[in-house]
Amino acid sequence: MSSDPHADWRRWHERRTASVSAPYGPLSLSGTHWLADHPEGRIPAVPGRWREDGDHVLLSATAADGVTVDGEPLTGDVRLTADHAPIPRSRVAAGDRRLVVLRREGLWAVRDFDPGAPARRAFRGIEATPYEERWVVPGTYRPYAAERSVRVENADGRERGLGLTGELAFALGDEEHTLQVVAEDDGTLWAVFADATSGKDTYRFRFLRPAAPGPDGGVTVDLNRALLPPCAFAEHFICPFPPPGNTLPVPVPAGERNVLSG
């Protein structure tokens, strides 16, 4: 880490831009197909036949489908579980495409990642506000006694549960604010939030990922690193909207604002 936070932010922004525009980054998601919407197992434009089979998905394919599993051509059936590996290493492929099995609240889906997706070809960068020191403030993480779950709308129009482990308190100017957050397995925090710029000068909501709090709950809140959610890059993601209380009443024009395309 250099002593110049402006230079650090520029490198962060460059890495972020490279990550989202990678062959299997979020821009390459060309479809999320829920198997419940395709009871016959035939997903338009996706080779093979995909059916729910208890705690697995049963994929059937012929040589003409051109599907590979673990790098080998599939002729017959294979039972699949939800994918957790990075997209480029997903088990199922069709040419350059990666077909990823997803499970949410007991429902199965297949995601189609295509490096040739129109959104990836049209991508011109991420509009972001350069680093400003005033958007870096101290915060405190206050864990709940037990994890809570709230129902929130998702980007695909469906409502799903969102688990929350505590709240993050910090001040902007003379006002204190709190965001409901999730403590990830590695200790880092994650919040989905909106502010007075959302849907106007910035995307309709954004993510924030502070580092793990210290033993006293202290954490640095750096809004210069506010992130666009995956659904800003491809409409096929099912990002959760901010839970109640996570819309800040003040403008936060810091960090990533919008996707540039053309």
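Worth pointing out:
- Pairs of Cα atoms nearer than 8 Å and 6+ residues apart set the relative contact order; for the stretch 171-216 it is 32 percent.
- Per residue, in Å², the accessible surface of the stretch 22-153 once ligands and nucleic acids are set aside, probe 1.4 Å: 54
- Over the stretch 1-45, all Cα pairs binned in 10 Å intervals from 0 give whole-percent P(r) values of 23, 25, 22, 15, 11, 4, listed from short to long.
- Global form of the stretch 34-175, assessed from the alpha-carbon gyration tensor, a/c cut-off 1.5: prolate
- Euclidean distance between Cα centres, the stretch 201-262 to the stretch 72-139, Å: 19
- Pairwise FRET efficiency - Arg121 versus Glu159, Cβ, R0 = 41 Å, nearest 0.05: 0.80
- Theoretical FRET efficiency, 1/(1+(r/R0)^6), r = Cβ-Cβ of Ala211 and Glu72, R0 45 Å, to 0.05: 0.65
- Rounded to 0.05, the FRET efficiency of the Glu40 and Thr178 pair, given R0 = 45 Å and the Cβ-Cβ distance, is 0.40.
- Normalised alpha carbon radius of gyration of the chain [divisor 2.2 N^0.38 Å]: 1.11
- Å² per residue, accessible surface of the stretch 187-231 at 1.4 Å: 36
- In the stretch 79-125, the portion of solvent-accessible area held by carbon and sulfur atoms comes to 49 percent [1.4 Å probe, whole percent, DNA, RNA and ligands not counted].
- Shape call, the stretch 125-224: gyration tensor on alpha carbons, a/c limit 1.5: oblate
- Computed over the chain: relative contact order in percent, which uses C-alpha pairs under 8 Å that are six or more apart: 19
- Within the chain, percent of DSSP bridges classed antiparallel, to nearest 5: 95
The values are calculated or read from the model by the stated rules, or taken from the named source; none is laboratory data. Everything quoted here is computed from the prediction, not taken from an experiment. For neighbour counting, all protein chains shown are included, and Cβ atoms are generated from backbone atoms with ideal geometry for every residue, glycine included. All accessible areas refer to the heavy atoms of the entire protein, side chains included, with ligands and DNA or RNA removed. Shrake-Rupley method; radii C 1.70, N 1.55, O 1.52, S 1.80 Å.
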